[in-house]
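Following: one structure in structure tokens, then a few remarks.
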Amino acid sequence: MFDRLLIAVDGSDCAERATKYGLELAARYGASVELVAVFGGDPERGQAVLDAAAEQAADTGVDAETALLSGKPGSTIAARASEHDADLVVVGRRGRSGVRERLLGTVTERVLRRSDVPVLTVPGVGVERDTGTDYTDVLVTTDGSDLAAAAGPFAADVARTFDATLHVLNAVDVQAEAGVFDAGGVSTEYVERLEAQGREAVDDLLASVDTEGLDVREAVLRGVAADTVADYATDNDVGMLVMSSEGQSNLAGQQLGTVTGRVLRTVDRPVLIVTED
């Protein structure tokens, strides 16, 4: 699944943590690695950052190439990944500790918008424990769309590689679905129909991936989608979340990308985003 990783470095603590996670993932998959730094105005510092990351790779037992690039970081990283056939980009995810709605950081957001390969985003602060070497629980979310289902094979492969439990979650946001028509409440039948659609979405995702030998847990839960995902990840000590970047959800026409964005801003765990080709 992952044969060639591109890991973006910039000398920050956040990027250093992302490098650690990316290298450990590469070691487990036996993947090759390219370490990339974008430093247009200070090449000496950029090279020093790359040298430090290469030393980190050697300590992990991973042979890594390095590339010092110039340009706008977000678009340059995404273009490099595409041009060099990377099948995963690893970037740090910055945030303000203690703030519920964390800021992603301009570079990370631009990479996510431009990359045509999956992106593993790693938080720099707030993680209770390191999970990079041992993902025991992997969570994939689905809303029933084809784009959301595209995340399934990645989640299943990571779960199999790390001998982890695979969790498949659909969040039923009754309030978002009902919208302005919820003033008088919604019927039991209406809620049951939404939950039935959620169970069907979970079943469809599982039917589309190879789950042989995997410990699979299924869940259809009511609540605000992003909060439900975040709470489930915490309650089940999930080490990695896998989500799609876009997709038509069951949330009153809201895009899953909106939910994914909120999860990225509120979950202090690695999130692998499967982007739309």
* Structure fact -> Result of the Cβ filter at 9 Å on region 161-182, keeping first residues that are farther than 22 Å from residue 137 by Cα and partners that are at pLDDT below 90 and of a type in the set (Asp, Glu), at least 6 apart or interchain, is 174/182; 175/182
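If I go through region 50-61 residue by residue, how many of them are open to solvent by less than 30 Å² (accessible area, probe 1.4 Å) and either modelled with pLDDT under 95 or in contact with a Ser or Thr (Cβ under 7 Å, 6 or more places away or on another chain) (or both)?
Qualifying residue count, region 50-61: 2.
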* Residue that is modelled with the lowest pLDDT, among those in region 192-240 that are in a strand (DSSP E or B) and open to solvent by 20 Å² or more (accessible area, probe 1.4 Å) -> 222
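The values are calculated or read from the model by the stated rules, or taken from the named source; none is laboratory data. All values reported here derive from a predicted model rather than from experimental measurement. Because the Cβ atoms are built from the backbone with ideal geometry, glycine has one as well, and the counts that use them run over all protein chains shown. With ligands, DNA and RNA removed, areas are computed over all heavy atoms of the protein, side chains included. Shrake-Rupley method; radii C 1.70, N 1.55, O 1.52, S 1.80 Å.
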